[in-house]
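The values are calculated or read from the model by the stated rules, or taken from the named source; none is laboratory data. Everything quoted here is computed from the prediction, not taken from an experiment. Neighbour counts run over all protein chains shown; Cβ positions are idealised from the backbone, glycine included.
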Amino acid sequence: MKENNVLITLFGASGDLAARKLYPAIYKLYKSGRISRQFALIGTARRPWSDDYFRQVVLSSIEPSQQEQELAQEFISHFYYQAHDVTDSVHYQKLKLKALELEERYQLSGNRLFYLSTSPSFFPTIAGYIKTQGLLSQTGYNHLMIEKPFGHDLVSANQLQSQLNEAFDEDQIFRIDHYLGKEIVQGIDNLRFDNIIFSQSWNKDTIDNIQITLAETVGVEERGAYYEQSGVLRDMIQNHALQLLTLIAMDRPKDTSNHAVQTEKIKVLQHIIPYKDAEDVAKNVIRGQYGPSMDGQLNGYRQEANVAEDSQTESFLALRLELDLPQWQGVPFYIRSGKRMKHKATTIDVQFKSTRPDLCGNFLHIEISPDLSCELWLNHKKMGYQRQSELKLFKTDYTDQQAASSPDDYERLIYECMIGDKSHYAHFQEVQYAWQFVDQIRYYWQEIGPIAFPNYAAGTNGPEAAKNLLARDGFKWLGL
C-alpha cells in the first residue's frame, strides 16, 4: 500500500460538502494508512476562523469513537486554517507562505492537491492565482480536484477548460463524479471482463436492451434556484448517467492505464447517435415535472421555494438512445432519472435475448444504491413432472458490515487522485461529448415549446409516457 505525503489546500473549507463528505473521507484514509502521517491540510474560506476552531469543526464532522480519541486528536493537528478571499491575490501570497512552512515541517515531497469545493464561477480565478502567485510545486505533483458542474453547456465548458489549462494540464485535472467512486460501479469492469459468460456475450447478438435508472425520493429541497437553471438533464444525465453508460457499454481497454480506460469511455460518448430533429427528440426524450402527491402531503415542483409558478424545468427525464458502434448496432439504451419518485435507487439492468419465443430471457440487475448487489436471473426447470423452465435468482450481495467497511465514494476518489489514477475521472473529451448530446436536446426543446406540466404525482415513478417509451419496443422498465 502506497502512503502519500501531501499538502491538501481546500477552498470552501467551511462548506457543507467538506463537513459531510471530505473530512470523514480524509480521516478514513488516515486511519487506513493510505494517507501519510506526514500530511497537512490548509482550509480556506471567508469565515474568520482560527486553527483551533477549524479543528473542532473537523473533529465534529468525523465523529470518532471513544477508542479513537487519541488518533482523532492526532489527525486534526494536521489541519490549518486561513481566512481567504479567492479574488484577492494578496491572500494567495499568505497561502504560499503557509504552504512552504508546512512543506518543511511535514517533509511533504512537494506533492500538492488543490480541492475546489466552491461555486464553479470561482474555478478559473482560483486556478489562475494558484499559478501566478507561485503555489504550484516544482518537485512533486500538482493535482486539481473540482466538483461539478463543469460548465453549463459545451461553450462554457470549453471556456472553463481553456482557463484552467493556463495553470493545469489535462492530466492534472480531476473532475470528481462521486458515482464513479461507488463500490459496485468500480466493479463493473471486473464483472464484465473477468467472467467469460459476460465478456463473450456483452453485445448486440445476445442483449436486447440496457437500462440505467437514477431515482430519488426527495424533491429539490433548498436547491430550487439552482434546479431552475439545471433541471435533471444537466444535473444528472450529463454527468452521472452518461458516465454509467460509458462503463456499461465501453469495449475492453487494451490495458489498465488511465489512457486506455478513458479512450474507450470517450469512444462510447463520441458514438451516441444524434437525434435527427425536434420530432425525434419528442419521440425519444420524455420530460416530466412532479406535482403534489396524491395524498396532498408533498408539494409539487412549482410549489417549492425559488421555483417559478409556471416553471418548465424538468424534474424527470427518460430517454432512448443508440450507439453507432459495431457491437451495439440496433440495441436501445434507456436512461431515466427523476426527483420525488416512489423509490430511491440507482440501478443498471441488462436484458438478454430469449433462446425461444415462449421463454423469458436472462437478465442482470446491478444495484448501486441504496443496497449493493448483483442479481442474475437464469432459466431453470420448474420443480415437478413438467419440463417447463422458469427464471430463478442467483444473487450476490453484501452484508451491512461489509458495506460499512467498504471505502465510500469520496474516500476512494481522493485516494485515487493522490496516486494519480484517473480511470474513474472524466477526461475533458468525455465532458465535451456529453455536453454536445445534452445541448442538442435542449436546442430541440426550444422548438418543441412548453409542456403540460406537472405530469406525474410526487411519490410515483414518473409520467406514463416513460413507460410507453419502452413499450413501443416491446420492453418494460426493470429497475423499480
Only residues in the range 315-332 that are on the phi < 0 side of the Ramachandran plot and buried (at least 21 other Cβ atoms within 10 Å of the Cβ) count as the first member; pair them with residues that are in a loop (DSSP other than H, G, I, E, B) and polar (S, T, N, Q), Cβ under 6 angstrom, at least 6 apart or cross-chain, and list the lot. Ser315/Gln289
Condition check: over 15 Å from Met418 (Cα atoms), free of Cβ contacts under 8 Å to residues at least 60 places away in the same chain, of a type in the set (Ser, Thr, Tyr) and buried (at least 20 other Cβ atoms within 10 Å of the Cβ). Does Tyr23 satisfy that? yes
Counting residues that are among the hydroxyl-bearing types (Ser, Thr, Tyr) and in contact (Cβ under 8 Å) with a residue 12 or more places away in the chain, which strands (runs of 3 or more DSSP E) fully inside the range 338-434 reach at least 2? 345-352, 389-397
Say whether the condition of being β-branched (Val, Ile, Thr), in contact with a Phe, Trp or Tyr (Cβ under 9 Å, 6 or more places away or on another chain) and more than 26 Å from Ala249 (Cβ to Cβ) is met by at least one residue in the range 305-317. yes
Quick check on Arg412: is it at pLDDT 95 or above and among the charged types (D, E, K, R)? yes
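Listed here are the residues, each with its yes/no results for (1) more than 28 Å from Gly420 (Cα to Cα); (2) touching a strand residue (DSSP E or B) at 6+ places or on another chain (Cβ under 9 Å); (3) surrounded by 13 or more Cβ atoms within 10 Å (Cβ to Cβ).
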{"residue": "Tyr27", "(1), (2), (3)": "no, no, yes"}
{"residue": "Lys31", "(1), (2), (3)": "no, no, yes"}
{"residue": "Ser36", "(1), (2), (3)": "no, no, yes"}
{"residue": "Phe39", "(1), (2), (3)": "no, yes, yes"}
{"residue": "Arg46", "(1), (2), (3)": "yes, yes, no"}
{"residue": "Ser60", "(1), (2), (3)": "yes, no, no"}
{"residue": "Gln66", "(1), (2), (3)": "yes, no, no"}
Test Phe168 against the stated conditions and say whether it is in contact (Cβ under 8 Å) with a residue 12 or more places away in the chain, in contact with a Cys (Cβ under 6 Å, 6 or more places away or on another chain) and not in a helix (DSSP H, G or I). no
Selection status of Thr118, closer than 30 Å to Leu160 by Cα, without any contact (Cβ under 8 Å) to a residue 60 or more places away in the chain and in a loop (DSSP other than H, G, I, E, B): no
Pairs only if they're at least six apart or on different chains, beta carbon under 6 angstrom, first in the range 456-467 and in a loop (DSSP other than H, G, I, E, B), second modelled with pLDDT under 95; list them, first residue then second. Asn461/Leu480
Give me the residue from the range 132-160 that is surrounded by fewer than 17 Cβ atoms within 10 Å (Cβ to Cβ) and of a type in the set (S, T, N, Q) and, out of that set, farthest from Thr263 (Cα to Cα). Gln133
Yes/no for Gly330 being in the same structural domain as Pro370 (by TED's automatic domain parsing), under 21 Å from Ile248 (Cβ atoms) and in a loop (DSSP other than H, G, I, E, B): yes
State which residue is farthest from Glu322 (Cα to Cα) when the search covers only the range 203-229 and only residues that are touching an Asp or Glu at 6+ places or on another chain (Cβ under 9 Å) and hydrophobic (A, V, I, L, M, F, W, C). Val220
For Ser315, which of the numbered conditions (1) modelled with pLDDT of 95 or more; (2) over 19 Å from Val438 (Cβ atoms) fails to hold? (2)
Which one is nearest to Gln329 (Cα to Cα), of the residues in the range 238-294 that are among the acidic types (Asp, Glu) and at pLDDT 95 or above? Asp251
Does Ile184 satisfy the criteria of being under 30 Å from Arg356 (Cα atoms) and not in a loop (DSSP other than H, G, I, E, B)? no
Criterion (surrounded by fewer than 20 Cβ atoms within 10 Å (Cβ to Cβ) and over 23 Å from the mean Cα position of the chain (by Cα)) met by exactly one of Ser369, Ser311, Ser405, Ser373: Ser311
For Ser201, which of the numbered conditions (1) more than 25 Å from His427 (Cβ to Cβ); (2) part of a helix (DSSP H, G or I); (3) of a type in the set (S, T, N, Q); (4) touching a strand residue (DSSP E or B) at 6+ places or on another chain (Cβ under 9 Å) fails to hold? (2)
Going by what's in this entry, would Tyr443 be described as under 25 Å from the mean Cα position of the chain (by Cα), of a type in the set (Phe, Trp, Tyr) and in a loop (DSSP other than H, G, I, E, B)? no
For residues that are among the β-branched types (Val, Ile, Thr) and within 24 Å of Thr125 (Cα to Cα), scanning just the range 36-90, find the one that is farthest from the chain's Cα centre (by Cα). Val90
Suppose we filter Leu102, Leu95, Leu71 for residues that are in contact (Cβ under 8 Å) with a residue 12 or more places away in the chain, among the aliphatic types (A, V, I, L, M) and within 14 Å of Tyr30 (Cβ to Cβ); which single one remains? Leu71
For the list (1) touching a helix residue (DSSP H, G or I) at 6+ places or on another chain (Cβ under 9 Å); (2) part of a helix (DSSP H, G or I); (3) more than 24 Å from Leu469 (Cα to Cα), I need the number of the one condition that Glu309 fails. (2)
Do the conditions hold for Leu108, that is, is it over 18 Å from Ala19 (Cα atoms), part of a helix (DSSP H, G or I) and in the same structural domain as Leu22 (by TED's automatic domain parsing)? no
